[in-house]
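Participant: Have a look at this one before I ask anything.
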Amino acid sequence: GITTFLLVSSCLIMAVEDVEFLSPDGYTGEPVEDCVNTGDTAWVLFSAILVLGMMPALAFFEAGLLRRKNTLSIITEVFVGLALMQFMWYMGGFSLVYGTDLGGFIGGFDYFFMRNLGVECLPYAPQIPGLAFASFQSMFASVTPLLMTGAIAERMKFRSFLLFIFLWEILVYYPLAHWIWGGGFLMQWGVVDFAGGIVIHTSSGVASLILAIFLGHRIDFDLYHGEFPAHNIPLAAIGTALLWMGWYGFNAGSALSAGPLAAYAISATTVASTVGVLVWSLLSLLQHRHVHTIGWFLRLLHNL
């Protein structure tokens, strides 16, 4: 299986080289087009890196809350899943989402293997290079299926998990993202989704619920009343902190510019998360006379 994968990867790389990977026709390394705002580009690229950090943070958060014997499995699922999602996005996912609209349901093949995409700006992000926009959106495409790992923790085999997210990304995420962000029929109807409330959180949330119901309870679920003891709370705290930090790139980066909208997004993210934690902590003190550490981890992420 590994040998086959390496052979297929090598063939794809050679094919990509033949179509000038990541380089539009005629690009010779000259200064970028006049449409590019370097400040906005820097902000979007930095935001992409922040969102990238959310995925190992998710692995640490979930690993800390799981039982010790399942720590490595959840970390492996997240990291290998990230690699798979990124590979799929750059090979054809971006094109299926943001390529020429085909009947309002899916994008065309304009950008397969990242052809015709480089320094030119796209209508969706008119002040940054198309490649910067694709890089930022690749993080959304990667984190969305990985959010479902908490629903299948300890109950799905690794190979089954990879096959599921591979199919889910193609059959659910790419069409849905095109419908709302890529010029599909929902976008034409006026649907607006800033930072992925529908495309990312709703889609992964519904899929997680279906998976949890289908897979059923974990072993000893009733013994612990559904709340298994966390084996490493400091690891979960590190994951929570990194997720919190990455969420600023998630929300403010969606402004696609370093301007007032990004500032509003950062302020709203801060107020929502901190007020949520304070209110829950106050209610917990009034009812239980203490604040449960894992509880505020969860409330913080819920409010984000």
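The values are calculated or read from the model by the stated rules, or taken from the named source; none is laboratory data. If you're wondering where the values come from, they're calculated on a predicted model, not measured in any experiment. A quick note on method: Cβ atoms are made from the backbone with ideal geometry, for glycine too, and the neighbour counts reach across all protein chains shown. For accessibility, only protein heavy atoms count, side chains too; no ligands or nucleic acids. Shrake-Rupley method; radii C 1.70, N 1.55, O 1.52, S 1.80 Å.
Participant: Specify, per residue and in Å³, the volume enclosed by the convex hull of the alpha carbon atoms belonging to the range 164-304.
Facilitator: Measuring per residue, one finds 162 Å³ for the Cα hull of the range 164-304.
Participant: Sort Glu227, Glu77 by heavy-atom solvent-accessible area, probe 1.4 angstrom, most to least. Before the final figure, lay out the partial values.
Facilitator: Numbers: Glu227 145, Glu77 10 Å².
Descending order: Glu227, Glu77.
Participant: By the scheme Lys and Arg +1, Asp and Glu -1, what is the net charge of all other residues having a beta-carbon under 14 Å from that of His178?
Facilitator: Spelling it out: positives minus negatives among the neighbours equals -4.
Participant: Stretch Ile210-Leu285 to full length: gain in nm at 0.36 nm per residue minus the Cα-Cα span? If you can, show how the numbers build up before the last one.
Facilitator: Details: separation 75, 0.36 × 75 = 27.00 nm, distance 3.43 nm.
Taking 0.36 nm per residue and subtracting the Cα distance, the gain is 23.6 nm.
Participant: Compute the separation of the alpha-carbon centres of the range 69-103 and the range 152-227 and state it in Å as a whole number.
Facilitator: First find each Cα centre; the distance between them is then 13 Å.
Participant: Report Phe79's accessible area, 1.4 Å probe, all protein chains in place, as a number in Å² to the nearest 10.
Facilitator: 90
Participant: Then there's this: Could you state how much accessible area Leu261 has, in square angstrom rounded to the nearest 10, with a 1.4 Å probe and all protein chains kept in place?
Facilitator: So the heavy atoms of Leu261 present about 90 Å² to solvent.
Participant: Whole number please: convex hull volume per residue of the Cα set in the range 158-244, in Å³?
Facilitator: Details: hull volume 12.8 nm³, N = 87.
Taking the convex hull of the Cα positions in the range 158-244, it is 147 Å³ per residue.
Participant: How many percent of the accessible area of the chain is carbon or sulfur, using a 1.4 Å probe?
Facilitator: Numbers: 10790 of 15570 Å².
It is 69 percent, rounded to a whole number.
Participant: When ligands, DNA and RNA are left out and all protein chains stay put, how many square angstrom of accessible area per residue does the range 178-261 have with a 1.4 Å probe?
Facilitator: 53
Participant: Given a cut-off of 20 Å, what percent of all Cα-Cα pairs of the range 71-196 lie beyond it? Each step should come with its number before you reach the end.
Facilitator: On the way: 3513 of 7875 pairs.
I get 45 percent for the Cα pairs in the range 71-196 exceeding 20 Å.
Participant: How large is the Rg to Rh ratio of the chain when both quantities use alpha carbon positions and Rh follows Kirkwood?
Facilitator: Reported Rg/Rh (Cα atoms, Kirkwood Rh): 0.99.
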